[in-house]
Amino acid sequence: MYRPYWRAGVCKWMRLKSETSAIQKLSEIREEYRERVSRGYEFRAKDCKACETPGACCLDAHFVNVRITRLEARAMRKVLDTFPPELKAKLEERIEETAEFVKADGKFACPLYERESGCLVHHEAKPIPCISHGCYERVGDLPPTSLQDGVEASVDLLNTLTYGKPQPRFPIPIALRRVT
């Protein structure tokens, strides 16, 4: 299906992708980015397994400020749908509570992090900013912001090609609630 869109005052046509094929492409984009960060930067960061406060970065409401697109939320939902009913119900409740907290305060701890097992969507749907994160000793060791920005621009384009218009980014719990 083709849909018109406007750029710089000129009508253009774009071919829309199915959500299923877009989630697959998103997975490829994420994996390529993960490999690039791993090869070029992650070796300079402290290993998460050696952390004195495991998960603190994901659970600190003052630190977590990750916003995701509709497609990223759909990919996360796809993973959540594979969980046992008890765990899924627990997570749905946590997502709702966290979404309400975000509306009131603007900050949140990631509702998809479990102390016992870590990030519940780590392998299949971890957001780009989370892939970038690491405990780096020096600011110069971090992956450059431009690298993450470029990957996020690709994800934004993929969202546009999937849903026919640009998709805003929302905090993780709000985005997950919106695609329920």
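Each residue in segment 76-85 was checked for being in contact (Cβ under 8 Å) with a residue 60 or more places away in the chain and of a type in the set (S, T, N, Q), and 0 pass. Of all residues in segment 59-79, those that are in a helix (DSSP H, G or I) and farther than 22 Å from E152 by Cβ total 1. Checking each residue in segment 101-145 for being within 20 Å of P171 (Cβ to Cβ), modelled with pLDDT of 90 or more and surrounded by fewer than 14 Cβ atoms within 10 Å (Cβ to Cβ) picks out only T145.
Pull out all pairs, ordered by first then second residue, where Cβ-Cβ is under 7 Å, the residues are six or more apart or on different chains, the first lies in segment 53-75 and is in contact (Cβ under 8 Å) with a residue 40 or more places away in the chain, and the second is assigned to a helix (DSSP H, G or I) and among the polar types (S, T, N, Q). So the pair list comes out as T69/N159; R70/N159; L71/N159; L71/T162. If K88 satisfies all but one of (1) crowded, with 17+ Cβ neighbours inside 10 Å; (2) without any contact (Cβ under 8 Å) to a residue 60 or more places away in the chain; (3) of a type outside the set (D, E); (4) part of a helix (DSSP H, G or I), what's the number of the condition it fails? Checking K88 against (1) crowded, with 17+ Cβ neighbours inside 10 Å; (2) without any contact (Cβ under 8 Å) to a residue 60 or more places away in the chain; (3) of a type outside the set (D, E); (4) part of a helix (DSSP H, G or I), the one that fails is (1). Could we say that K90 is of a type in the set (D, E, K, R), closer than 13 Å to A175 by Cα and out of contact with any Cys (no Cβ under 7 Å at 6 or more places or on another chain) here? When the stated conditions are applied, K90 does not pass them.
The values are calculated or read from the model by the stated rules, or taken from the named source; none is laboratory data. Here the structure is a predicted model, which means the values were calculated and not measured. Cβ atoms come from the backbone with ideal geometry, glycine included; neighbour counts cover every protein chain shown.
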